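Notes to accompany the following structure.
The values are calculated or read from the model by the stated rules, or taken from the named source; none is laboratory data. Being a predicted model, the structure only gives us computed values, none of them experimental. Backbone-built Cβ (ideal geometry, glycine too); neighbour counts: all protein chains shown. The area values use the complete protein model at the heavy-atom level, side chains included, leaving out ligands, DNA and RNA. Shrake-Rupley method; radii C 1.70, N 1.55, O 1.52, S 1.80 Å.
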Amino acid sequence: MPPLFLFLLLTLAWPAEAPQQPPQASGERGPFLLAALRRDGVVSPFASFDGKEWDAPWPTDLRWLVLPINLESIPAKWWGKAGLVGQMTAWSDGVNRGTFRLSRPITTRLMCASRLGLMSDYRSAQPPSPPAVQPFPKDGLAISGSQTVGPIEALSPASSPWAREAGLLVDPVNKAEEAAIRLFTDWDHPVSRTNRRTVAVEIEAMYGAAMDEPGWTAFYVEAVKRYAPGPRDEDCGLVTVISGWIMSGPDEKRTTKLIARVTYCDRRGVAYMLPFGLVKAGGRNYWAYQLSGHGREGYAVARPTPKGVEQEVQYSAGTCPL
């Protein structure tokens, strides 16, 4: 199978239908640390906010570092402006799950890399998972300070945005797919263009949250087009994967930023979103989420705006060679 890695921006229309407005934070007092909360109680810091700007000070590569033996020996710059953190709050689906204490640094294996995390006294209500599971299950977001975390709604196939998009995606996805195929220099799609246009677009996941701007809603969508295996595909046919953002506003104003990727049915190299929640910082709401797939996991902080998506933090948590 040839390596198939494509990225393409495309535009489509989406009628506005806003999920419930996120709760407003009662307090935004100073800098804080943001972390993925693993089900085994390990906290993986990935972003800090200093009151005005975001940063990703926590280390990713441990090969040339002197690893700290306790919280006090962790370099100050790794914490960000928040300074040493001894206690955090767990948030899941916009619900405060209580505070917990950090105890010590711990080295974990994430994908094919070693990463530094923080052991805590957090206890999950979910059954434990085998240590080798990748990506390791997360219970939500851990945050220091007094910020609240609002929910990012996982929309169902019965919801109006999902139903409407099933029809609206067809033409933009077909255009994105054609542009992606044209980028190859030594490969062409084995299915003709006419037949490709008859293949259904299947939405697999959709998330939504109200934006800061009145009347605007941000959606993140994941969809596919599947093709039957050819004689040389070893029963693993081609798949076009679509993912990305749609910002829908009043008076039919819309902005989209989607990525198209052509791959095989095993979807190697494709990443999927796990929303952690909406974080209120500096008077604005930011999406905090995980992107993970075969051999890769990362965390991000982004703010959808009417003009596009502002990527504040992109943290590589772990990768494996392709």
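Quick look at the numbers
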item: Scope region 80-109; condition part of a strand (DSSP E or B), out of contact with any strand residue (DSSP E or B) (no Cβ under 7 Å at 6 or more places or on another chain) and open to solvent by 70 Å² or more (accessible area, probe 1.4 Å); matching residues; result: R109
item: Pair list, Cβ < 9 Å and 6+ apart or interchain, from region 78-91 residues that are free of Cβ contacts under 8 Å to residues at least 60 places away in the same chain to residues that are open to solvent by 20 Å² or more (accessible area, probe 1.4 Å) and aromatic (F, W, Y); result: M88/Y122; A90/Y122
item: Scan of region 190-219 for residues that are assigned to a loop (DSSP other than H, G, I, E, B), closer than 20 Å to V241 by Cβ and under 22 Å from the mean Cα position of the chain (by Cα), ordered by number; result: V201
item: Check on W187, in contact (Cβ under 8 Å) with a residue 40 or more places away in the chain, assigned to a strand (DSSP E or B) and touching a Pro at 6+ places or on another chain (Cβ under 8 Å); result: no
item: Residue within region 247-257 that is surrounded by fewer than 19 Cβ atoms within 10 Å (Cβ to Cβ), in contact (Cβ under 8 Å) with a residue 12 or more places away in the chain and part of a helix (DSSP H, G or I) present; result: yes
item: Number of the exception - G83 against (1) of a type outside the set (D, E, K, R); (2) farther than 25 Å from P151 by Cβ; (3) modelled with pLDDT of 95 or more; result: (3)
item: Search result, residues across region 304-322 that are touching a residue at least 60 places away in the same chain (Cβ under 8 Å), part of a strand (DSSP E or B) and open to solvent by 10 Å² or more (accessible area, probe 1.4 Å); result: T305, G308, V309, E312, Q314, Y315, S316, T319
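Conditions tested, residue by residue: (1) within 22 Å of M247 (Cβ to Cβ); (2) buried (at least 19 other Cβ atoms within 10 Å of the Cβ); (3) at pLDDT 50 or above; (4) within 18 Å of the chain's Cα centre (by Cα).
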{"site": "A16", "(1), (2), (3), (4)": "yes, no, no, no"}
{"site": "Q21", "(1), (2), (3), (4)": "yes, no, no, no"}
{"site": "S44", "(1), (2), (3), (4)": "no, yes, yes, yes"}
{"site": "D50", "(1), (2), (3), (4)": "no, no, yes, no"}
{"site": "P59", "(1), (2), (3), (4)": "no, no, yes, no"}
{"site": "W64", "(1), (2), (3), (4)": "no, no, yes, no"}
